[in-house]
Structure formats: structure tokens, C-alpha cells
Amino acid sequence: MSAEPVDDHEQIVLHARDVYFDLSKLPMHWVPGEPQVTHTINVLHLALPEGERWFVELFKEAVPLIKDDRLREDVLGFIGQEAVHAEAHSAAADHLQACGVDVQPYISQMEWMFRKLLGDRGLTGRKREEWLIERLAIVAAIEHYTAFLGQWVLDSAPLDAAGADETMLDLLRWHGAEEVEHRSVAYDLFQHLDGRYGRRVRTMTLVTPVLAWVFLRGTRYLVAHDPMLVGGKVSWRVYRRASKQGLLPTGRQLMREITPYYRRSYHPRKTGNTEQAVAYLATSPAARAADASQ
């Protein structure tokens, strides 16, 4: 992942883009001949909407606590972008449902995790604020991974070479580019309100295995419920082969992302490529159409 000058972030004004993706002709296996690869990426459509709506609610709750004008502006931009992300991925989940994959049981598990396990506990005063900050620390850790995935999909030429559906690639790359654009916001908000190193380490240690579980369980669920894959099962051999071909992130790439977050000097702006993200958003068919309609 390429580095960038640390002051590039100061030039970005975050804003939501009212994008639309026509998925009516999206094939079930939109990476041709790669159903497991397709469904591993499809997990995003099932897991992200509830998570991103949860992000939005937490950040709205945090806005009155922000004492820095620029950070408040970034947080409001983040809220707008995440709300649109949730709707775009929900539309993709609806398309899977229409194609015969019963996605609701898995989505219900995501709803339980974000609404119940990580939801409002009816606390007041300092306890309420501490629970908010704890969850903001979790968001900062998750955003570390979404920024990595955003940069990865921007760089993922092998998906183009494999003939992946252009509309789905645009959806993923538009989202990925905005993740790179706003990759510092959750971390900066956590630092502004708390910033304790121990809390940062603890929440990343929690988030990493949970995200691995979400993707593994989600891939197994989608493969097992794909009407075109009767008796379908996930294969580690397929994952290793696909990751070596660049169709999915490798285990080594993912593990390499963990270390920087544990450094006391860590900051998200030190990784990722804002210039590349902005350049993609300037050429994305959906983002251009959204900007033209405003």
C-alpha cells in the first residue's frame, strides 16, 4: 500500500455522492467461473449495511462532543458517505435475494450484533459517554480494515482481467475510494474524545477475529445457499489459489495490516493513496452521474 504526504488529507472535503447502480443484469457469479470468490466479496453486501448504519448512529451521537470545527466537518461528511454505502450494499443484497439466495437469516445475525450486542444500553452520564467512546474505538479499528480493502480493490487489476462485472466493480471501487478518502475520520474522532492506547489495542484485538468470522461464515452461508451450487462448500484450496491470482487479498496481506495499528505512532493517513482514490471517483460512471445530477 503506497504512502502519501501527510497533509494531503487537509485538501479533501468529504461529501456523499447519490450514486445508483443498475444490478438488474448482474449474473449470480459476477466473477466468471469463480463462485467462491464472488460470494466472499458478496459478504460485504450482507454485513456492511447494518454496520454502516450503526456507524452513522454512533457518529451522530458523538457530534455534540466535538470541539474541533474541521473534525466536525469531516464527521458530517463521513456520516453522509456511510449512509449511502449502506443503501448501495442493501440493493446488492436485495438482488441476491431476488436471484434465489435467502440472505435474510445472515443479515438478521448482523442486525443482532450491531443493534443488540453493540447497541444502546440505556446508560446515562459518564457511563453512556464511555460506552460511546468504546464503540467509536471499535469503528476506528474496523475502518482500518475497510481502508485496506478499499485500496486493495482500487489496485485489483486481476478482477478486471478475470472479466468481473463492470457495474459491480464500479460499486466496489466507488465504495473503496470513499473509504480511502475518509480513512482518518473514525481514528481522529476517537483520538479527539479519548485516544487511550490500551483501548485502541484492545478493540483491534477484538475486531480482527470477529471480522474473520464474519467473512468466513458469510462465504460459507452464501455458497451453501446458492441455488446454482447444490451442496456447495467452501474450499481453502480455492481461496489460496484465488488470492495468489490477486482475486482476493492474501492472508499475508491481511496479517501485514495488523501490525501498523499497534504502533503508538500509527495514523491512517500514512497508508493508502488519496490521489488514486480521488482520481477513481472522477472517472467512476456512477460517481460521475451522481455529480452531474447535483
Net lengthening on full extension, Asp291/Lys270 (0.36 nm per residue, minus Cα-Cα) = 4.7 nm
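Filter Lys67/Lys116; Lys67/Lys127; Lys60/Lys116; Lys25/Lys116 down to the pairs with a C-alpha to C-alpha distance above 27 Å, please. Don't skip to the end; give the middle numbers.
Numbers: Lys67/Lys116 30 Å; Lys67/Lys127 20 Å; Lys60/Lys116 18 Å; Lys25/Lys116 36 Å.
Pairs exceeding the cut-off: Lys67/Lys116; Lys25/Lys116.
Length gain on complete extension for the stretch Val63 to Met228, per 0.36 nm per residue less the alpha carbon to alpha carbon distance? Let's see the in-between values first.
Details: separation 165, 0.36 × 165 = 59.40 nm, distance 4.63 nm.
Value of the extension gain: 54.8 nm.
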Estimated FRET transfer efficiency when R0 is 41 angstrom, pair Ala157-Arg128 (beta carbons, to 0.05) = 0.30
key: Positive-end residue, segment 201-294 charge dipole about Cα centroid, Cβ charges, pick of Trp236, Pro285, Gly218   = Trp236
task = Pick out, from Pro209, Pro49, His144, the residue whose Cα sits farthest towards the positive end of the charge dipole of segment 33-293, with +1 on the Cβ of Lys and Arg and -1 on the Cβ of Asp and Glu.
result = Pro209
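Rounded if a/c is under 1.5, else prolate if a/b beats b/c, else oblate: with a ≥ b ≥ c from the C-alpha gyration tensor eigenvalues square-rooted, which is segment 87-200?
Details: a/c = 3.43, a/b = 1.48, b/c = 2.32.
In terms of gyration-tensor shape, oblate.
Roughly how big is the chain's charge dipole about its Cα centre, with Cβ charges of +1 (Lys, Arg) and -1 (Asp, Glu), in debye to the nearest 20?
Values: 34 positive and 39 negative charges, 320 e Å.
Once rounded to the nearest 20, the dipole reads 1540 debye.
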query = Points 7 angstrom from Cα along the Cβ direction at Asp120 and Ala279: gap in nanometres?
reply = 4.5 nm
remark   = Nearest 10, in degrees from 0 to 90: the angle of helix 166-181 to the longest Cα principal axis of the chain is 20 degrees
remark   = Relative to the chain, whose Cα atoms define the longest principal axis, helix 35-62 and its Cα axis are tilted in degrees, nearest 10, by 20 degrees
request  = Report, in whole Å, the centroid distance computed from the Cα atoms of segment 16-53 and segment 202-257.
outcome  = 15 Å
task = Pairs of Cα atoms under 8 Å, at least six residues apart: use those to get the relative contact order of segment 33-293, whole percent.
result = 28 percent
query = For a label point 7 angstrom out from the Cα of Ser235 toward its Cβ, which stretches of segment 30-67 have the backbone nitrogen within less than 18 Å?
reply = 30-41
query = How many angstrom separate the Cα center of segment 279-294 from the Cα center of segment 59-127?
reply = 24 Å
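Can you tell me the order of 220-226, 97-103 when each peptide is scored by its average per-residue count of other Cβ atoms within 10 angstrom, highest first? Working shown, then result.
Working: 220-226: 20.0, 97-103: 15.0.
Going by the mean number of other Cβ atoms within 10 Å, highest first, we get 220-226, 97-103.
Only the coordinates and a few stated rules stand behind these numbers; no lab work does. Just so it is clear, the model here is predicted, and its values are computed rather than measured. Methodologically, a virtual Cβ is constructed for each residue, glycine included, from the backbone with ideal geometry; neighbour enumeration extends over all protein chains shown.
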